[in-house]
Amino acid sequence: MIAIESVILSVFGTVLGILVGLGAGVVVRQAYRDNGLSTMSIPWLQLLGFLGAAILVGLVASISPASRALKKPVLEAVASD
């Protein structure tokens, strides 16, 4: 469960970053259209690579918390003082 949550957060952050970057690229292209910047090239394979890397980073980041969570008994973890 911890690994799934970690991957979801890393993918969400990556997708949000890609969308913001693409939006900024569109704005810059519009602003400099008169200076000869009329086309926008989007490196789709590189963006997919970043998305794949985000999944791997999320999995690696979840290893330490998941291993600590496995060592603690469930009832002790959810008990309140």
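The values are calculated or read from the model by the stated rules, or taken from the named source; none is laboratory data. A quick note: this is a predicted structure, and the numbers were derived from the prediction, not measured. Don't worry about glycine lacking a Cβ; one is built from the backbone with ideal geometry, like all the others, and counts go over all protein chains shown. Please note that ligands, DNA and RNA were not included when accessible areas were found on the heavy atoms of the full protein model with its side chains. Shrake-Rupley method; radii C 1.70, N 1.55, O 1.52, S 1.80 Å.
If I ask for residues that are in a helix (DSSP H, G or I) and surrounded by 10 or more Cβ atoms within 10 Å (Cβ to Cβ), which ones from region 28-45 would you list?
Hits for region 28-45 are VAL28, ARG29, GLN30, ALA31, ARG33.
For ALA24, indicate whether it is assigned to a helix (DSSP H, G or I), more than 16 Å from the chain's Cα centre (by Cα), on the phi < 0 side of the Ramachandran plot and exposed (fewer than 13 other Cβ atoms within 10 Å of the Cβ). Even if it seems obvious, please write down each step before you answer.
Working: assigned to a helix (DSSP H, G or I): yes; more than 16 Å from the chain's Cα centre (by Cα): yes; on the phi < 0 side of the Ramachandran plot: yes; exposed (fewer than 13 other Cβ atoms within 10 Å of the Cβ): yes.
Here the answer is yes, as ALA24 does meet what is asked.
Has region 53-74 got at least one residue that is β-branched (Val, Ile, Thr), in contact with a helix residue (DSSP H, G or I) (Cβ under 7 Å, 6 or more places away or on another chain), open to solvent by 60 Å² or more (accessible area, probe 1.4 Å) and modelled with pLDDT of 85 or more?
Yes, some residue in region 53-74 is β-branched (Val, Ile, Thr), in contact with a helix residue (DSSP H, G or I) (Cβ under 7 Å, 6 or more places away or on another chain), open to solvent by 60 Å² or more (accessible area, probe 1.4 Å) and modelled with pLDDT of 85 or more.
Which residue is farthest from SER6 (Cα to Cα), if the candidates are limited to region 24-62 and must be in contact with a Leu (Cβ under 9 Å, 6 or more places away or on another chain) and β-branched (Val, Ile, Thr)?
Filtering first and then ranking leaves VAL28.
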